[in-house]
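No value in this document is a laboratory result; all are computed from the given coordinates. This is a predicted model, so every value here is computed, not measured. With ideal geometry, Cβ positions are generated from the backbone for all residues, glycine too; neighbour counts draw on all protein chains shown.
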Amino acid sequence: MWAYWQSVPAHWREIPARYRLEGGRCMDCGYIMLPKEDICPVCGSKNIETVILPRKGKVLNYTVVWNALRGYEYYTPYVLAIIELEDGSRIMAQLTDISPSEAKKGMEVEMVLRKTKVSGESGIIAYSYKFRPVIR
Ligand SMILES: [Zn+2]
C-alpha cells in the first residue's frame with residue numbers, strides 16, 4: 001500500500017492534509033479552509049497559517065446518497081454529512097461504519113482514514129477522511 005501511494009505524487013502530497021485534517025486559517029479574516037490554500041478565498045489575504053482541525057465533532061445535517069459519482073458506486077447508499085468540529089469549523093464528509101437509517105443529527109463522530117474510491121482501469125485506491133460514530 002505504501003508503494004502505491006508513492007507512485008501517485010499528487011495524492012501522496014495530500015496525504016498529510018487528509019490524514020491529519022491539516023487546514024489553513026486566514027490571519028486577517030479568520031476563515032478556516034481545508035486543505036490549506038495560499039490565498040484566502042474570502043478576503044484575498046496571503047497571510048495564512050497552518051492549523052490542525054479537531055478530529056471530533058457532531059453531525060449538523062446529512063443526506064443519504066443513492067446515486068453516487070463514478071468511482072463511488074461501491075458505497076451506495078451512503079451518508080454524506082455536514083459535521084461541526086469541536087472548534088466550530090464545518091466539514092462535509094462521508095459517514096462510515098453505520099447504515100443510513102442509523103444516522104442522526106447531533107450524533108457525535110470522529111475522523112478515521114478510509115478508502116474512498118478506486119479509479120477506473122488504473123485501480124488506484126484513494127484514501128481520505130471519513131467520520132464514524134464515536135466509540136465509547
Ligand atoms: Zn481572509
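Observations on the structure shown:
- When each of Lys56/Lys130; Lys46/Lys130; Lys36/Lys104 is checked by Cα-Cα distance, pairs over 22 Å: Lys46/Lys130; Lys36/Lys104
- By average C-beta atoms within 10 angstrom, highest first, the peptides 23-29, 71-77: 23-29, 71-77
- Relative contact order for the stretch 48-90, counting Cα pairs under 8 Å that sit 6 or more residues apart, in percent: 46 percent
- A simple count of charges around Cys26, restricted to other residues whose Cβ falls under 12 Å of its Cβ and scoring Lys, Arg +1 and Asp, Glu -1, yields -1.
- Of the peptides 98-107, 41-50, the order by per-residue mean of other Cβ atoms within 10 Å, starting with the highest, comes out as 98-107, 41-50.
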